[in-house]
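Engineer: Can you read through this structure? Questions will come right after.
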Amino acid sequence: MTASLPRQAAPPDEPHRRPSETPGHKARRRALTLLIIVLLIGVPAGYLVISANQSRNSGKDKESKYSATGLTEGWPSKVQRRLYQVPVPHPADTIAYYETNNWKTSRLYVQFRTNSAGLDSFLAGMGVDRDALKKDDISISARDQKITGWKFTGPGVWSGLTHKQKNPAPTQDVVVNTADPDYPMIYVVSRTVP
């Protein structure tokens, strides 16, 4: 007969078995894992999508700005106003501008309406005063009128001036309509030779 050996007890340092996972605990663990994956992958991917859209929109804005073929509503940039020496006064409204550049001449076309003090401020900023305006003098050429679509034939009291300066400072042609003397409309073509 074979002798049966007594059974040995488990060593005291052996780890105890974990109790089996409950369905609620399993669901929480899976939800936490999913959240971590979304944060690690989704957030950077979302950032890339937003960044790409902003970059694309910026390109479209620049494309529309530089492909413009006529007056664009809004203020010319401070750099443009300084370079072409067109001191658009405050307050001013009905503002529009257009810039053309080529190897021979660069031009900035600007129109705006201001008040009587704004007209004086604009002229002073150019270094002239109201006495320089000549009645019925349309100083803006037919070529420049065609580019902008300006027509100086409507009702009003038209006056103009040409402010010539030595290169590289720009030369400005100005036409003012004072049909409403409290709110004159001003048209400027400032050209510079690079």
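The values are calculated or read from the model by the stated rules, or taken from the named source; none is laboratory data. Please read these numbers as outputs of a predicted model, since none were measured by experiment. Note that we place each Cβ from the backbone using ideal geometry, even for glycine, and neighbour counts take in every protein chain shown. Quick note on the areas: whole protein, heavy atoms, side chains included, nothing else; ligands and nucleic acids left out. Shrake-Rupley method; radii C 1.70, N 1.55, O 1.52, S 1.80 Å.
Engineer: Of Thr105, Thr153, which has the most accessible area with a 1.4 Å probe, and how do the rest follow in descending order?
Structural biologist: Thr153, Thr105
Engineer: Placing unit charges on C-beta atoms (Lys and Arg positive, Asp and Glu negative, everything else neutral), compute the dipole magnitude of the chain about its Cα centre in debye, rounded to 20.
Structural biologist: It works out to roughly 980 debye.
Engineer: Using only Cα atoms, find the angle between the long axis of helix 23-37 and the longest principal axis of the chain, and express it within 0 to 90 degrees, rounded to the nearest 10.
Structural biologist: Relative to the chain, helix 23-37 is tipped by roughly 40 degrees.
Engineer: May I ask you to give the percent of accessible area on the chain that is carbon plus sulfur, with a probe radius of 1.4 Å?
Structural biologist: The value for the chain is 57 percent carbon and sulfur by accessible area.
Engineer: Right, another one. Net charge within 12 Å of Ser141 by Cβ-Cβ distance, Lys/Arg positive one each and Asp/Glu negative one each, not counting Ser141 itself?
Structural biologist: The answer is +2.
Engineer: Specify the residue with the greatest mean-square fluctuation among Leu161, Leu71, Leu35, computed from a Gaussian network of the chain linking alpha-carbon atoms under 10 Å apart.
Structural biologist: Sorting by GNM fluctuation, first place goes to Leu35.
Engineer: Distance in nm between label sites at Ile36 and Thr72, each 7 Å beyond Cα in the beta-carbon direction?
Structural biologist: 5.0
Engineer: Hey, another quick one. Within 9 Å, Cβ to Cβ, of Tyr84, how many net charges do the neighbouring residues add up to if Lys/Arg are +1 and Asp/Glu are -1?
Structural biologist: +3
Engineer: Go ahead and set up a Gaussian network model of the chain, Cα springs under 10 Å, then flag whichever of Ile50, Ile41, Ile140 fluctuates most.
Structural biologist: Ranking Ile50, Ile41, Ile140 by mean-square fluctuation puts Ile41 first.
Engineer: Name the residue, out of Gly46, Gly154, Gly74, whose mean-square fluctuation peaks in a Gaussian network model built on the chain with Cα pairs under 10 Å.
Structural biologist: Result for the chain, Cα springs under 10 Å: Gly46 fluctuates most.
Engineer: Could you tell me which residue out of Ala124, Asn101, Ser141 lies farthest along the dipole of region 57-194 toward its positive end? Charges go on the beta carbon: Lys and Arg +1, Asp and Glu -1, centred on the Cα centre.
Structural biologist: Asn101
Engineer: Out of the trypsin sites (Lys or Arg not before Pro) in region 101-194, which ones are loop residues according to DSSP with at most 10 other C-beta atoms within 10 Å?
Structural biologist: Lys104, Lys151, Lys164, Lys166
Engineer: Okay, moving on. Multiply the residue separation of Thr22 and Asp129 by 0.36 nm, subtract the distance between their alpha-carbon atoms, and state the gained length in nm to one decimal.
Structural biologist: Working it through step by step, the gained length comes to 29.6 nm.
Engineer: With a point put 7 Å past each Cα toward its Cβ, work out how far Asp180 is from Arg7 in nm, to one decimal.
Structural biologist: The two pseudo-label positions are separated by 10.6 nm.
Engineer: Between Ser116 and Val49, what length comes free when the chain is fully extended (0.36 nm per residue of separation minus the Cα-Cα distance, one decimal in nm)?
Structural biologist: 19.1 nm
Engineer: Mind checking the angle between helix 116-126 and the chain's longest principal axis? C-alpha axes, 0 to 90 degrees, to the nearest 10.
Structural biologist: 90
Engineer: Keeping all protein chains in the complex and leaving out DNA, RNA and ligands, what accessible area do you get for His25 with a 1.4 Å probe, in Å² to the nearest 10?
Structural biologist: Solvent-accessible area, nearest 10 Å²: 90 Å².
Engineer: Let me ask something else about it. Compute the helix-to-body angle for 43-66: its Cα long axis versus the longest principal axis of the chain, expressed 0 to 90° and rounded to tens.
Structural biologist: 10
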